Structure formats: structure tokens, C-alpha cells
Amino acid sequence: MDALDILFSASFWVAAIRIASPLIFATMGELICERAGVLNLGIEGIMTAGAFAGWFTVYSGGDLWAGLVVAALVGALFGLLHATLTVPLGLSQHVVGIGVTLLATSLTYFTYRLALPEVTSPPKIEPFQPWPVPGLSSIPIVGEALFTQTPLTYLAFFTVAAVAWVLYRTPVGLAVRAAGENPSAVEAQGISVTGIRMGAVMAGSALMAVGGAFLTTSAFNSFFFQMINGRGWICIALVVFGSWRPGKALIGAILFAAFDAYQVRLQQISGGVVPYQVFLMMPYALSILALILVARRATYPKALMIPYQKGER
């Protein structure tokens, strides 16, 4: 198989969609936060905490869906911490976000060692299994890529549609977007900007944690240190790439995942002639290039990262 044939293989696109799924959850979560005017740099740590919470719930005897619920709740709690410090108190969103990432990551690793002090290799669980969709899964390439995935991948795509519908078709979504564009107009309507922003950060953080839980309950079957491996930072870039729109952000997530899946297969056919680090670098380099090309034309929320106190004009 040569480099071009890879792009037309079903296995390549199956892998790309699977790699994209946790990015989709976390990107939608970050998009909700930023649409409300809050940059959430705690995403990397929240994904780590969600990955552990989901896995440990299942390992302790809960079912897989319960693991997702627990992960979402843990994410929402870290979101509450982040929102409390940045919204009513008006502290730096950059500093608080990095602090939440460090806290969540360190607390996760500490809890892992506390709960499993004698473990030398990560314990395994039974993850979500693929659910082929009858009829659709037999379509060449497209059917195999989209309709032979696990339930969480289907949920990820549903989440994109749900976020888009809420943001653009409901009063709540209008309030969230207004809080990120013109918070004084929200207050003029008698709506609490603080409440909207805190709710958005908590909801977004819950989705980030579900993205982390995808890795331990669907993509893999165990939790190990450094498994998030920068995915949170990629999701922040994907929000910008998508111009703060769910549909475009989805395309960005799939493109990055395709680059990632492609570099793995290029390593296999290169025969070791090119250092593997070059291939590992490819998806990130291409993402930076795409971001440079798109970011200049992106229209960001005007009140993003700007604290708001009641009564301000």
C-alpha cells in the first residue's frame, strides 16, 4: 500500500473518526465556554480527571454509562471552581486555567496512587464495543468509517448537533452568545451574566471530561499517566480553527485526526528511512499552518476573556 492508497482505505477512516471522537467532545466543551466569554485553559487537566473518573467508576463495579456520568460530574466540579474564580471574582482566566490543569492532573495521579498503591501495570476494564448500524455499516468506506463505531462516537456527533441547536435555536443559546459578545445587553434584559457564564463553563467542562472518559472507556481499556498527551491544547486551537462554530470545529477535529492516523501509517510504509519524530510532528505542524490561514479571518467573541461586573457599561 502506497501513501495515496491509505486515504482510500476504510481502516484509515475508521481510525480517524475514532481519534476525532474525544476531540469532538472536548472541543464542543471549550466552544461553549468561549462563546460565553470564558477561556478555559483547564481543559487538559479536566480531560485527565474525566479519563480517570470514568475508568475508575467502571473498575470499581459501575457500568460504562455510569462511568460517563461520574466523569461529567467531576468535570462540572472543576468547571465550577474555574468559573467561581474567573467570573464573579474576575481573576485572570489564563492563570486560573493553568492552575486548574495542574490541580486536576496532580489530584488525579495522587488519587490513582492512593487507590491502587500496589499496581505496576494499569488494570483493564471491558470497554464499549462497536455498534454497527444495520444497513448503513455495509456502505463501502463511508459506512465502515461512520457506522461501525462505539456508542460514544455516535454520541460525539450528536453532541455537535445538540450544541449547534442550543446555541442558535434556543433562548439559552442566545443568552450564552450574548454573554460572550455584549454582556451589558444580557444584564439589560434582566438575565444574570454571572449565572450564564458559570453555567456555560460547568457544562463545557463536563463535556471535556466526557472526552477524557472516551479514551479510557472506548478507545482504550485502562488509565495511564500522560494519556491525554496535549489533546486539550489541540481542542483550544480547533475552536479558533472552527471560528467558534460547532460545524466548522467538527471538520477541524476530523482533519486533525486524519493527519494523526495518516502519520501512523506513513511510519509503517517508510521502512525507517525517515525518523519517526518527523511523522509525529506532522499533524501538529499541519494544524499550526491551518490555524494561521484561518485565524486571520476568524471573528472571535468580543467579550472573550473580559471580566464583567454587574452594572458595568
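The values are calculated or read from the model by the stated rules, or taken from the named source; none is laboratory data. Small disclaimer: the values here were computed from a predicted structure and weren't measured. Cβ: placed from backbone, ideal geometry, glycine included. Neighbour counts: every protein chain shown. Just so you know, the surface numbers come from the protein's heavy atoms only, side chains and all, with ligands and any DNA or RNA stripped out. Shrake-Rupley method; radii C 1.70, N 1.55, O 1.52, S 1.80 Å.
Observations on the model:
- Alpha-carbon centroids, segment 67-119 and segment 227-246: separation in whole Å: 18
- Degrees between helix 64-86 axis and first principal axis of the chain (Cα, 0 to 90, nearest 10): 40
- Prolate/oblate/rounded label for segment 96-177 (Cα gyration tensor, a/c 1.5): oblate
- Here the Gaussian network model covers the chain, with springs between Cα atoms less than 10 Å apart; of Leu39, Leu64, Leu91, Leu91 fluctuates the most.
- Summed over the residues of segment 141-251 and divided among them, the accessible surface reaches 39 Å² per residue at a probe radius of 1.4 Å.
- Cα gyration tensor shape for segment 29-153, rounded if a/c is under 1.5, else prolate or oblate: oblate
- Highest-MSF residue in the chain out of Gly135, Gly54, Gly79 [GNM, Cα springs under 10 Å]: Gly135
- Rounded, prolate or oblate (a/c below 1.5 giving rounded, otherwise prolate when a/b exceeds b/c) for segment 98-239 by Cα gyration tensor: oblate
- Point-to-point label distance, Ala185-Tyr168, nm (Cα→Cβ direction, 7 Å offset): 1.8
- Using a Förster distance of 45 Å, the FRET efficiency for Ala66-Met282 (Cβ separation, nearest 0.05): 0.75
- Ordered from highest to lowest accessible area with the whole protein assembly present and a 1.4 Å probe, His82, His94 read as His94, His82.
- Fluctuation leader among Thr120, Thr217, Thr84 - the chain, Gaussian network, Cα springs under 10 angstrom: Thr120
- The alpha-carbon atoms of the chain, seen along their principal axes, cover 64, 49, 42 angstrom, with the largest extent given first.
- Rounded to the nearest 500, the helix-only mean residue ellipticity at 222 nm of the chain stands at -22500 deg cm²/dmol, with each DSSP H run of n ≥ 4 adding -39,500 (n - 2.57).
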